[in-house]
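Novice: Before anything else, here's the structure in question.
The values are calculated or read from the model by the stated rules, or taken from the named source; none is laboratory data. Just so we're clear, the structure is a prediction, and the values are computed from it rather than from any experiment. Here the Cβ positions follow ideal geometry from the backbone for every residue, glycine too, while neighbour counts run over all protein chains shown. Calculation scope for accessible area: heavy atoms of the full protein, side chains included, ligands and nucleic acids excluded. Shrake-Rupley method; radii C 1.70, N 1.55, O 1.52, S 1.80 Å.
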Amino acid sequence: MTEQKLKELLQDMTLEEKVNQMLQVAGGFFTGDMMAMGPMAEKGFTEENVSKAGSALGALGAEKLKKIQKEFMEKHPHKVPLLFMLDVINGLKTVFPVPLGQGATFEPELSERCAQVAAKEAAVSGLHVTFSPMVDLVRDARWGRVMESTGEDPYLNSLFSAAMVRGYQGEDLREPYHVAACVKHFAGYGAPTAGRDYNTVELSRHTFKEFYLPAYQAGIDAGAALVMTSFNTVDGVPATGNRWLMRDVLRGEMGFDGVLISDWAAIEEIIYHGYCADRKEAAVRAVQAGVDIDMMTGIYSENLCNLVRDGKVSEALVDEAVYRILELKNKLGLFENPYKDADEEKEKEVILCSAHRELAREAARKSFVLLKNDGALPLVKGKKVAYLGPYVENRNMMGSWSIVGEAKDVTTLKEAVMEREEGKDAVFGPGCTLLGGEMKLEGFTETMEEEPSAQECQVMLEEAVELAKGADMVVLALGEHRLQSGEATSNATIQIPKVQMELLRKVCAVNGNVAVVLFSGRPLDIREISEKAQAVLQVWMPGTEGARAIMDVLSGDYNPSGKLPMSFPYCVGQVPVHYNEYSTGRPHVEGKDKDRFRSKYLDIPNEPLYPFGYGKSYTRFAISPVEMDKERMKKGETLQASVNVKNVGDVAGTETLQMYIRDIAASVVRPVKELKGFRKVTLEPGQEEKVCFEIGDRQLRFLTENDRWESEPGEFEVFVGADSSTVNGAKFWLE
Ligand code: BGC
């Protein structure tokens, strides 16, 4: 539809029709999955609202969505199609590693391909919009949603944010197999106080703008069609009613001109924040802030028409929002083809096809991080291996956002072993359940497995110990239950359930060759695991092909290459811990200064157990000292920092060279190190390569005291190494 026609359409719509465009209702309202007047009325929607709503959340399937769309449009006075939206986070039916795992690949192009596949499966199933990527910067492992982010670094997150948006959207939303992306949660949702979900966010404006906003900006610059508001307050004002944040920052400074959707019921929640006295006021605040779509409340539908008639809200505000929604429908080509890519035949053909599964396997194996290896891995052929632990036969390793992915499509670790040569000498046993009796996941709608009796648990444990005794080595598959991370899963104890720790202790007491395969959606306190086991492979929630990918790595067919996108704290008392912290006036150098009055803990080190960027390989790499092509440069010039990296081990492998920069003195304090570039290099044994990083204004600029992104002259240090703790550095000066 031409712009002119779109404008005419808007003009022709009644106020009621326009306001209804701003509603997002449950897909179930159209299919009878939910009682029409029951929950619908509770939310404040009338049948009239639903029959003219702008978008639906949660319905899926080509046949179903085509039927809904057809019937909907037949009744709609202007034949404006519905938008179908859903959270397709790490894949639809083919499930990829959770985003935090994807961050560990340090390969945004891979996530772009995963997003492309997710978009394809979503599009043929009739969807138009996915609520992804989630690009919130995360520093606190207590917060369960760290799983949905690619980690603690603004630069890395920005690359992933842009890559995922490109993957979902392609060049043009009208093209087949693409869906619109929604960058979320704007803004600062990743910093809830004390790691408790939905809690207040307290950030200085400087930190907020410099570290938290860039990944949203990258997604917007890549063309994200939507942005979602966040639940938290920003500067004391709930984001969803925050005019400064949405109008001045998001639309003004960041240049976003797409659709702004509230998070689930977030417009209503600004009342509970204590920002608005009632639903009417909440509607005014949200529409003034520029929130175009009200997700799942009746606040807009109940109030906006009257507010316009009473002169409390200008109709121009409604028009502006509705025009953006119509524009999005138009960009997706829905006026010409309201079903877009919905296609039952294609659903059968592409969903979970072998190419998609293969990509899921590639992404999973590249996301695994080898945290420790005292020679236990890779497995030695011909040795008897006992595969123990609750993840050996657990089919669900997809992460809590995999609402469409089905466990039946996932291969278990036992099956993955049995389909390989390794299956010949393998024995298996669960040892315990995932949670043990004492931990309950209350309020989760999913039916949880029944806990066996105490006696059955004892038998399980004893059997596992016997198997461990009789084996040359043990692969112990442990970790969080997949529902222990994700939304509303804050944890004050970031450890695996006690019952599994007990299993670990018992197994390690009888077998000195234990490799732990650790499943989790967040960094955990793994001091004891790390001490007791000979090897630890962090596998996150690896998705549909996770088990086969684990066997690729355990067997040595694939040499692990993942790097931590988020620090693994020493213990929970250290969080939020992140490598790119500021120095203090009393910096503490571990082991060096004995002064009492330094910035440190008495009982634990300042350093995390495993730092950002860390990850081992089955081979070793030697990295030469950093060489500079020159030590001084003027503004506008560039210089080069380079190292030679050599594979000095016995097998081929991939190293991720990371370049960090420190600005020694500046108008606002700078982090002790900031990632500014990285390069993945694959080398055969004995092979060597020179890796050069170019440094120019882009790597040196920051948000200065003038609130502008610019570089300042002075001394800098550049580091190139295999993780963020590297001290392999050189100096240079910007004149
Ligand atoms: C979450 C969002 C999600 C939305 C819709 C909310 O509870 O915070 O991330 O996109 O639900 O499912």
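Novice: Among the numbered conditions (1) away from the ligand (no atom under 14 Å from the Cβ); (2) part of a loop (DSSP other than H, G, I, E, B); (3) open to solvent by less than 10 Å² (accessible area, probe 1.4 Å), tell me where residue 165 comes up short.
Specialist: It fails just one condition, (2).
Novice: Kindly check whether there is at least one residue in the stretch 292-303 that is in contact (Cβ under 8 Å) with a residue 12 or more places away in the chain, assigned to a loop (DSSP other than H, G, I, E, B), over 29 Å from the mean Cα position of the chain (by Cα) and surrounded by 15 or more Cβ atoms within 10 Å (Cβ to Cβ). Explain how you work it out, then say what you get.
Specialist: Filtering the stretch 292-303 down to residues in contact (Cβ under 8 Å) with a residue 12 or more places away in the chain leaves 292-303.
Subset that is assigned to a loop (DSSP other than H, G, I, E, B): 292, 296-298.
From what is left, the residues that are over 29 Å from the mean Cα position of the chain (by Cα) are 298.
Imposing the further condition that a residue be surrounded by 15 or more Cβ atoms within 10 Å (Cβ to Cβ) reduces the set to 298.
Yes.
Novice: Counting only residues that are of a type in the set (Asp, Glu), give me the helices (runs of 4 or more DSSP H) lying completely in the stretch 1-120 with at least 2 of them.
Specialist: In the stretch 1-120, 3-12, 15-21, 47-51, 62-75 are the helices (runs of 4 or more DSSP H) which contain 2 or more residues that are of a type in the set (Asp, Glu).
Novice: While we're looking at this one, here's another question. Conditions: (1) open to solvent by less than 10 Å² (accessible area, probe 1.4 Å); (2) over 17 Å from the mean Cα position of the chain (by Cα); (3) of a type outside the set (Gly, Ala, Ser); (4) within 30 Å of residue 343 (Cβ to Cβ). Residue 183 meets all but one. Number of the miss?
Specialist: It is condition (2) that residue 183 fails.
Novice: Tell me, yes or no, whether the stretch 44-58 has at least one residue that is among the hydrophobic types (A, V, I, L, M, F, W, C), at pLDDT below 95 and open to solvent by 30 Å² or more (accessible area, probe 1.4 Å).
Specialist: no
Novice: Among the residues of the stretch 141-162 satisfying the criterion of being among the polar types (S, T, N, Q) and crowded, with 24+ Cβ neighbours inside 10 Å, which is farthest from residue 678 (Cα to Cα)? Break it down stepwise before answering.
Specialist: As a first pass, look at the stretch 141-162 and keep what is among the polar types (S, T, N, Q): 149-150, 157-158, 161.
Imposing the further condition that a residue be crowded, with 24+ Cβ neighbours inside 10 Å reduces the set to 149-150, 157, 161.
Working: 149: 19, 150: 15, 157: 13, 161: 16 Å.
Filtering first and then ranking leaves 149.
Novice: When you scan the stretch 315-326, do you find a residue that is out of contact with any strand residue (DSSP E or B) (no Cβ under 8 Å at 6 or more places or on another chain), under 16 Å from residue 85 (Cα atoms) and assigned to a helix (DSSP H, G or I), even just one?
Specialist: yes
Novice: Evaluate the following for residue 334: is it in a helix (DSSP H, G or I) and either more than 16 Å from the ligand (Cβ to nearest atom) or open to solvent by 10 Å² or more (accessible area, probe 1.4 Å) (or both)?
Specialist: no
Novice: If the requirement is being open to solvent by less than 10 Å² (accessible area, probe 1.4 Å), closer than 12 Å to residue 15 by Cβ, out of contact with any Cys (no Cβ under 8 Å at 6 or more places or on another chain) and without any contact (Cβ under 8 Å) to a residue 60 or more places away in the chain, which of these qualifies: 318, 322, 313? Explain how you work it out, then say what you get.
Specialist: Values: 318 fails: without any contact (Cβ under 8 Å) to a residue 60 or more places away in the chain; 322 fails: without any contact (Cβ under 8 Å) to a residue 60 or more places away in the chain.
Going through 318, 322, 313 in turn, just one is open to solvent by less than 10 Å² (accessible area, probe 1.4 Å), closer than 12 Å to residue 15 by Cβ, out of contact with any Cys (no Cβ under 8 Å at 6 or more places or on another chain) and without any contact (Cβ under 8 Å) to a residue 60 or more places away in the chain: 313.
Novice: Which of (1) more than 16 Å from the ligand (Cβ to nearest atom); (2) open to solvent by 10 Å² or more (accessible area, probe 1.4 Å); (3) not aliphatic (A, V, I, L, M) is the odd one out, the single condition residue 198 does not satisfy?
Specialist: For residue 198, the failing item is (1).
Novice: While we're looking at this one, here's another question. When both residues are 6+ apart or on different chains and their Cβ atoms are under 9 Å apart, which pairs have a first residue that lies in the stretch 251-266 and is at negative phi and within 16 Å of the ligand (Cβ to nearest atom), and a second that is open to solvent by 10 Å² or more (accessible area, probe 1.4 Å) and part of a strand (DSSP E or B)?
Specialist: Close Cβ pairs (under 9 Å, with a partner that is open to solvent by 10 Å² or more (accessible area, probe 1.4 Å) and part of a strand (DSSP E or B)) amount to 264/57.
Novice: For the stretch 466-491, what are the residues that are of a type outside the set (S, T, N, Q), outside any loop (DSSP other than H, G, I, E, B) and open to solvent by less than 20 Å² (accessible area, probe 1.4 Å)? Steps first, answer last, please.
Specialist: Narrowing the stretch 466-491 to residues of a type outside the set (S, T, N, Q): 466-483, 486-488.
Subset that is outside any loop (DSSP other than H, G, I, E, B): 466-469, 473-479, 482-483.
Passing the criteria: 468, 473, 474, 475, 476, 477, 478, 479, 482, 483.
Novice: Please tell me if residue 92 is out of contact with any Cys (no Cβ under 8 Å at 6 or more places or on another chain) and within 16 Å of the ligand (Cβ to nearest atom). Even if it seems obvious, please write down each step before you answer.
Specialist: Values: out of contact with any Cys (no Cβ under 8 Å at 6 or more places or on another chain): yes; within 16 Å of the ligand (Cβ to nearest atom): yes.
Here the answer is yes, as residue 92 does meet what is asked.
Novice: Return the pairs, sorted by first residue and then second, in which the second residue is part of a strand (DSSP E or B) and small (Gly, Ala, Ser), the first residue lies in the stretch 659-688 and is farther than 17 Å from residue 623 by Cβ, the beta carbons are less than 6 Å apart, and the residues are 6+ apart or on different chains.
Specialist: Within 6 Å, the pairs are 665/714.
Novice: Would you mind finding the one in 254, 246 that is touching a Gly at 6+ places or on another chain (Cβ under 9 Å), within 25 Å of residue 710 (Cα to Cα) and at pLDDT 95 or above? Spell out how you get there, then give the answer.
Specialist: Numbers: 254 fails: touching a Gly at 6+ places or on another chain (Cβ under 9 Å).
Exactly one residue qualifies, and that residue is 246.
Novice: Could you figure out which of (1) among the acidic types (Asp, Glu); (2) assigned to a loop (DSSP other than H, G, I, E, B); (3) open to solvent by 30 Å² or more (accessible area, probe 1.4 Å) isn't true of residue 345?
Specialist: Result: residue 345 fails condition (2) only.
Novice: Related question: Could you check how many residues of the stretch 92-107 are farther than 16 Å from residue 544 by Cα and either modelled with pLDDT under 95 or open to solvent by 10 Å² or more (accessible area, probe 1.4 Å) (or both)?
Specialist: Within the stretch 92-107, residues that are farther than 16 Å from residue 544 by Cα and either modelled with pLDDT under 95 or open to solvent by 10 Å² or more (accessible area, probe 1.4 Å) (or both) number 1.
Novice: Can residue 188 be described as assigned to a helix (DSSP H, G or I) and open to solvent by less than 30 Å² (accessible area, probe 1.4 Å)?
Specialist: Criteria not met by residue 188.
Novice: Going by what's in this entry, would residue 277 be described as at positive phi and either within 16 Å of the ligand (Cβ to nearest atom) or surrounded by fewer than 23 Cβ atoms within 10 Å (Cβ to Cβ) (or both)?
Specialist: No: the conditions fail for residue 277.
Novice: Out of the stretch 527-566, which residues are on the phi < 0 side of the Ramachandran plot and among the small types (Gly, Ala, Ser)? Working first, answer last.
Specialist: Our first condition is that a residue be on the phi < 0 side of the Ramachandran plot; within the stretch 527-566, this holds for 527-539, 541-542, 544-555, 557-566.
Scanning the stretch 527-566 gives 530, 533, 535, 546, 547, 549, 555, 561, 562.
Novice: Going through the stretch 134-161 one residue at a time, which ones are in a helix (DSSP H, G or I) and either within 16 Å of the ligand (Cβ to nearest atom) or touching a helix residue (DSSP H, G or I) at 6+ places or on another chain (Cβ under 6 Å) (or both)?
Specialist: 144, 145, 146, 147, 148, 154, 157, 158, 159, 160, 161
Novice: Right, here's the next one. Could you list, ordered by first residue, the pairs with Cβ atoms under 6 Å in which the first is in the stretch 64-89 and within 29 Å of residue 183 (Cα to Cα) and within 16 Å of the ligand (Cβ to nearest atom) and the second is of a type outside the set (Gly, Ala, Ser) and part of a helix (DSSP H, G or I), at least 6 apart or interchain?
Specialist: From residues that are within 29 Å of residue 183 (Cα to Cα) and within 16 Å of the ligand (Cβ to nearest atom), the pairs are 84/65.
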